[in-house]
Each structure stands twice: as C-alpha cells, then as structure tokens.
Amino acid sequence: MSKTATLTVQQWGNSLAVRIPAAIARKVHFVAGQPVEVTTDDFGVVVHRKGSPKLTLEQRLAAFDPEKHGGEAMASGRIGAEAF
C-alpha cells in the first residue's frame, strides 16, 4: 500500500527542502544520515536510497573487532631506521 503526503517546499539556507514524514520514511527504509540520489524526470523529482548511512565514530568503534582486524596497528617499540 503506498503512502501519500502533501508537503510544502521550504527555504533552507540557499537551498529548498521538504521534510519526509516518519511514516513515509519507514515505508521506504530511510534513516537519518541515509545517502540518497535525487533525480528529475518529466513528472517531478524522484528520491532513491543510495547505499548505507555513514556510521558515526562511536558506531565504528563499537563494531571494531581486534581479532578480525589484526589488533594493535602500532608496534610497541622502535623498528628499523626509526631509532635516532
């Protein structure tokens, strides 16, 4: 079942914006931070999801697994020509 909303285009800085109601965002699986592709056609504007939302630093750190990613990246001591 499709959802429909009548919205108003508003000024946002030098651009124009339309807020997507929560019910419609849920229907098309939009979340905050969601990359989208905006295209035009003869009938108006079309917005499509484009990839996954970018993770925050906190989310990236929470997902980090030292076993999977090789553990500590820095050696504990000087190596090779690093000694002065």
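The values are calculated or read from the model by the stated rules, or taken from the named source; none is laboratory data. The shown structure was predicted, so the numbers you read here are calculated from the model rather than taken from an experiment. With ideal geometry, Cβ positions are generated from the backbone for all residues, glycine too; neighbour counts draw on all protein chains shown. Ligands, DNA and RNA are excluded from the accessible area calculation, which covers all protein heavy atoms including side chains. Shrake-Rupley method; radii C 1.70, N 1.55, O 1.52, S 1.80 Å.
Tabulated data
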item: T6, T40, ranked by accessible area, largest first (probe 1.4 Å); result: T6, T40
item: Cα-projected label distance for T4 with T40, points at 7 Å along beta-carbon direction, nm; result: 2.5 nm
